[in-house]
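The block underneath contains the structure these notes are about, expressed in structure tokens.
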Amino acid sequence: MAAKRLQRLDISDELKERLARQGLTTCADVLAKSPLELMKLSGRSGLTVHDLVHRCCLSQAVKPVTALHLLKSRERGGTFFATSLPDLDKVLHGGIPTATMTEIAGPAGCGKTQFSMTLSVLATLPVEDGGLGGGVVYIDTEGAFSAKRLLEIAQTRLPQQFQDDSSLKELASQVHIVSVQSCKNLMNRLQSIEEDLIQKKIKLMVLDSVASLVRKEYSNVQGGMMRRTDFLASEAALLKYIAETFSIPVIVTNQITTRYGQRAPVSSPHTPDDGDGSVEVDGEGSYLTAALGNTWSHSVNTRLILQYLAGDRRQILVAKSPVAPFTCFDFIITKKGVEQDVQGQGHYKGTDPGKQAIQGRAGLSVGSTQW
Ligand code: ATP
Ligand code: MG
């Protein structure tokens, strides 16, 4: 991330201070200047400036690792974050992958925030209890996070670990809520979050949701689609950088939209459709799919889709994964948060995740544009 702070670079404190006085605090600030400008601003020789630029560039380069290294770190654990939904964890080779971005998409009220809060509780557990043994940054763009609900999930799900006030307080102090109200605000926050991640020993980052702000700000404005694509590309790059650099799972929730055109051939025994599995919304060949378009779909490493079944039952689809086939499992939401529905089971064959049809709540029209 070019927004990496110079503070974290191995250069003298004196040089850092001098550059800060000139308004240069990140690698991006340095790399935006010419060597001559840097010499003037820092009062240093060309050689020192060359070294500074070299260090800034190096800090941006992602170091390659071997497959053997990945295998070994998997054996040591910590490569996957168990969701405590047994079948989902099994198919994902242990859970949500760390160091990558996982999206949870689905219709309103289907359980994205509940799932995110459940995972936030689990992340704070010690590693030996299946957690990540650290804090959580929960970026809330919708004001949907509820501390009360977080504690209810913890208390009812894990009564042994959270039986007294002090353990609940400890949990509450490990989940850091960041409220953001605009896309600009969000990018600024993401660009300066590195120090927080280190200081607070963050092991999970949640962005709930990735869609609400961009949909609000870039809809119905001239050139909005192109600007939105640019914004989403920068946002995805930042989120992936954070996931990789800190080796943590980054979870983003996404809304759904209606797409027009040929429906994707999807089949699920649970989907009350008309034969091919895709779900018609208005009878004119439109269907529900994850929002934000194909470019965003490609940025996401793992996509989980939540959808409604009959009544209160819900289903989770593994719609995109580098390790798992298209699969589905039934789940329920209870006081304990999101749980696997032991009554249900599933088998599912999907297609292009960008065209993934999603089952909305019966009788409700969900999403109305291609945004
Ligand atoms: P949105 O797109 O609007 O943000 P969402 O997918 O994030 O929606 P959630 O807020 O995660 O939806 O889920 C809300 C649903 O969770 C409620 O409609 C209810 O069915 C269920 N729910 C919330 N709290 C509880 C609880 N304590 N016990 C059982 N179910 C609950
Ligand atoms: Mg929500």
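Expressed as a whole number of Å, what is the distance separating the alpha-carbon centroids of region 189-231 and region 108-158?
Each part reduced to its Cα centre gives a spacing of 20 Å.
Please list, by residue number, everything in region 181-225 whose backbone N is under 20 Å from a paramagnetic label point 7 Å out along Cα→Cβ of residue 170.
In region 181-225, the label zone of residue 170 (backbone N under 20 Å from the point 7 Å along Cα→Cβ) covers 199-204.
Considering just Cα atoms, how many Å³ per residue does the convex hull of region 142-227 enclose?
On the way: hull volume 9.6 nm³, N = 86.
Dividing the Cα hull volume of region 142-227 by its residues yields 111 Å³.
Report the label-to-label distance for residue 294 and residue 247 in nanometres (one decimal), using points 7 Å from each Cα along the Cα→Cβ vector.
Label at residue 294, label at residue 247, 3.7 nm between them.
Please tell me which of these pairs span more than 29 angstrom C-alpha to C-alpha: 40/184; 40/63; 112/203; 33/203? Display every interim value, and only then the final one.
Values: 40/184 31 Å; 40/63 32 Å; 112/203 19 Å; 33/203 34 Å.
In this structure, 40/184; 40/63; 33/203 lie more than 29 Å apart at Cα.
Length gain on complete extension for the stretch residue 187 to residue 32, per 0.36 nm per residue less the alpha carbon to alpha carbon distance? Present the calculation step by step, with values, prior to reporting the outcome.
Details: separation 155, 0.36 × 155 = 55.80 nm, distance 1.84 nm.
Going from the current span to full extension adds 54.0 nm.
Which Rg and Dmax, in Å, describe the Cα atoms of region 58-198?
Spelled out, the Cα radius of gyration and Dmax of region 58-198 are 16.6, 48 Å.
Go ahead and run the numbers for FRET between residue 237 and residue 58, Cβ-Cβ distance against an R0 of 22 Å, rounding to 0.05. Could the numbers behind the result be given before it?
Working: r = 18 Å, r/R0 = 0.83.
Calculated value: 0.75.
Using packing as a proxy for protection, rank 315-323, 91-99, 104-112 so that the peptide with the highest average count of other Cβ atoms within 10 Å comes first.
Those peptides, ordered most packed to least, come out 104-112, 315-323, 91-99.
Each reported figure results from applying straightforward, stated rules to the coordinates on display, with no laboratory input. Fair warning: this is a prediction, and the values are worked out from it, not measured in the lab. Don't worry about glycine lacking a Cβ; one is built from the backbone with ideal geometry, like all the others, and counts go over all protein chains shown.
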